Amino acid sequence: MNFLEERILKDGIIKPGNVLKVDSFLNHQMDVKLLDEIGREFHRRFKSEKITKVLTIEASGIAIAYPVAREFDVPLVFAKKAKSVNIDGDVYVAEVESFTHKNKNQVIVSKKYLSPEDNVLIIDDFLANGCALQGLVSIVESAGASVAGLGIAIEKGFQIGGRVIRNLGYRLESLAIIESMDDQKGTIVFKEQ
């Protein structure tokens, strides 16, 4: 069992509807030492790639992606869920559906932050149905850049997202893959990696 799986078992809360709350250490209150460890682990897994940018989606993906970008010493770009007056010029746009929030958003990245020369590592906190990742992949490909890989902190292996992304031929690395959760018993089973 790895460091993230141990922390999920210790502090994660299972809610009805296949919801795993990790807000006490990952996406509301953040354990910065754990985030640093996540950054080092993704660097270890992808260090053979020539990463030029790390890409994530706001908001909870930023905390996971920041230490990864720092380990690679490259810029972190995050897709915004709303266009603001601060974003000028042309943008890449993708529509993504959130499993957690049960809504669809258009996410945008300014064209000045991704180029065909970039080799992009996509990072996010959760993978359920894979819509956010597919949207980020679409943005990278629209820029003519390369997808070096995708890194996920927690993958819900019992949902389709991981299979979809892997079947599309992308390298997907998840630190913790949950095979099953039972909110009645309070149990989580992880996939052996």
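For the set K185, K191, K21, the ranking by accessible area, highest first and with no ligand, DNA or RNA atoms included, is K185, K191, K21 under a 1.4 Å probe.
Using Cβ point charges alone (K and R +1, D and E -1), the dipole size of the stretch 1-69 about the Cα centre works out to roughly 220 debye.
Looking at the chain as a GNM with Cα springs under 10 Å, which of G12, G169, G130 has the largest mean-square fluctuation? It is G169. For the residue pairs K33/K156; K47/K156; K33/K111, alpha carbon separations beyond 27 Å are given by K33/K111. Exposure check, 1.4 Å probe, all protein chains in place: E71 carries approximately 70 Å² of accessible surface. Taking Cα Rg over 2.2 N^0.38 Å as calculated from this structure, the corresponding entry among (i) 0.99; (ii) 1.30; (iii) 1.13 is (i). Each stretch of four or more DSSP H residues adds -39500 (n - 2.57); spread over every residue of the chain, this sum gives -9000 deg cm²/dmol at 222 nm.
Accessible area ranking (1.4 Å probe, heavy atoms, ligands and nucleic acids excluded), largest first, for H43, H28: H28, H43. Each Cα pair under 8 Å and six or more residues apart adds its sequence gap; the mean of these over the residue count of the chain is a relative contact order of 19 percent. Applying the Karplus relation 6.51 cos²θ - 1.76 cosθ + 1.60 with θ = phi - 60° to the stretch 119-125 yields 3J(HN,Hα) values of 10, 9, 9, 8, 10, 8, 7 Hz, where x marks Gly and Pro.
A Förster radius of 41 Å combined with the Cβ-Cβ distance from D11 to V93 puts the calculated FRET efficiency at roughly 0.70. Shown is the FRET efficiency for N18 and S48, computed with R0 = 35 Å from the Cβ-Cβ distance and rounded to the nearest 0.05: 0.55. Under 5 Å between amide hydrogens, built in the peptide plane, is the criterion, and for A79 it picks out T56, I57, E58 among residues at least 5 positions away or on other chains. Across the stretch 15-30, rounded Karplus estimates of 3J(HN,Hα) from the backbone phi angles (6.51 cos²θ - 1.76 cosθ + 1.60, θ = phi - 60°) give 10, x, x, 6, 9, 10, 8, 10, 6, 7, 9, 10, 9, 9, 8, 10 Hz, Gly and Pro being marked x.
The modelled label-to-label distance between I160 and Q106, using points 7 Å beyond Cα along the C-beta direction, is 2.5 nm. Residues considered: K80, K156, K33. Largest GNM mean-square fluctuation over the chain, using C-alpha springs under 10 Å, is found at K33. Taking a sphere under 9 Å around the Cβ of V147 and counting the other residues whose Cβ falls inside, with K and R at +1 and D and E at -1, yields a net charge of 0.
The values are calculated or read from the model by the stated rules, or taken from the named source; none is laboratory data. This is a predicted model, so every value here is computed, not measured. So basically every Cβ, Gly included, is an ideal-geometry build from the backbone, and we count neighbours across all protein chains shown. Accessible surface areas use protein heavy atoms only, side chains included; no ligands, DNA or RNA. Shrake-Rupley method; radii C 1.70, N 1.55, O 1.52, S 1.80 Å.
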